Structure formats: C-alpha cells, structure tokens
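What follows draws every value from the coordinates through simple rules; no lab data is involved. None of the values given here were measured: they were computed from a predicted structure. Please note: Cβ atoms are built from the backbone with ideal geometry, for glycine as well, and neighbour counts cover all protein chains shown.
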Amino acid sequence: TFVVTDNCIKCKYTDCVEVCPVDAFHEGPNFLVINPDECIDCTLCEPECPINAIYPEDDVPAGQEAFVALNAELSREWPVITERKDGLPDAKEWENKPGKLAELKR
Ligand code: SF4
Ligand code: F3S
C-alpha cells in the first residue's frame, strides 16, 4: 500500500486524489490519508504530490513509520475525497517543514 506522510500536513494540495482508480483517499481537516484496504499499489498518486508526501509502505522516510498505522486508522474515520480542491491557505509556508505531526487536526 501507499502512505501519506508528514509533509502533507498543513498543505493538503489534493493533486493526488484525482488519479486514484479505487478512491482510496480520505480527507481530514489538514491532512489526507490512504485506505490500505483499498489501495492497489498502482503508483499513480506518488508523482502527483508536488511536495513528495506519498511513499510506498516499505519506503517511508526514517522517523515516519507511525504514518503507516495513522493512514489505516484515520481512513476509517474520514470521508472519501475524489476531487481536487485548493491547498490550505498557508500551504506554501508549511511546505517541507519537518515534524508537522504535532499540527495534525483530527
Ligand atoms: Fe490509489 Fe494507486 Fe495511490 Fe494506491 S497507489 S492510493 S491505488 S493512486
Ligand atoms: Fe497531500 Fe500531496 Fe496529496 S500535499 S493531499 S499528498 S498532493
């Protein structure tokens, strides 16, 4: 499965959601996640993210392993998103800031 990681938080550009053939993306207030039970590993979403927040489960950056379980957990709670929308208002300022997990809203 593919996993959305730290860099998506506070940016949420949503370019990733439109290419998913199985509608695996779920949206929260300032982050998106992938449902691991739906993802078919097609790889289409990974290059769509302008800030490289999406990784294969086996290749998430060091220190971000918790995002594997977080995607599974939050995808059960959040609604599906299939259409692109504007990124969050301060997205530019938050691009590539480390350790955004503390900013995650549920
Ligand atoms: Fe959807 Fe493919 Fe990305 Fe999995 S890898 S979330 S199936 S676009
Ligand atoms: Fe997040 Fe990138 Fe998608 S910022 S919403 S993973 S395009």
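A few comments on the model shown:
- Karplus 3J(HN,Hα) series, Hz, for the range 62-72 with 6.51 cos²θ - 1.76 cosθ + 1.60 (x for Gly, Pro): 4, x, 10, 4, 5, 5, 4, 5, 5, 4, 4
- Label point 7 Å beyond Cα of Ile51 along Cβ direction - residues of the range 76-106 with amide nitrogen under 17 Å: 85-106
- Thr14 sits among other residues whose Cβ lies under 10 Å from its own Cβ, and their net charge, with Lys and Arg +1 and Asp and Glu -1, is -3.
- Those aspartates and glutamates that a straight Cα-Cα span of less than 13 Å connects to Lys10, excepting residues fewer than 8 apart in one chain: Glu27, Asp86, Asp90, Glu93, Glu95, Glu103
- Computed 3J(HN,Hα) for the range 46-52, one whole-Hz value per residue from the Karplus formula 6.51 cos²θ - 1.76 cosθ + 1.60 where θ = phi - 60°, is 3, x, 6, 6, x, 10, 6, glycine and proline marked x.
- Cysteines not pairable in the chain (beta carbon separation under 4.7 Å absent): Cys8, Cys11, Cys20, Cys39, Cys42, Cys49
- Normalised alpha carbon radius of gyration of the chain [divisor 2.2 N^0.38 Å]: 0.93
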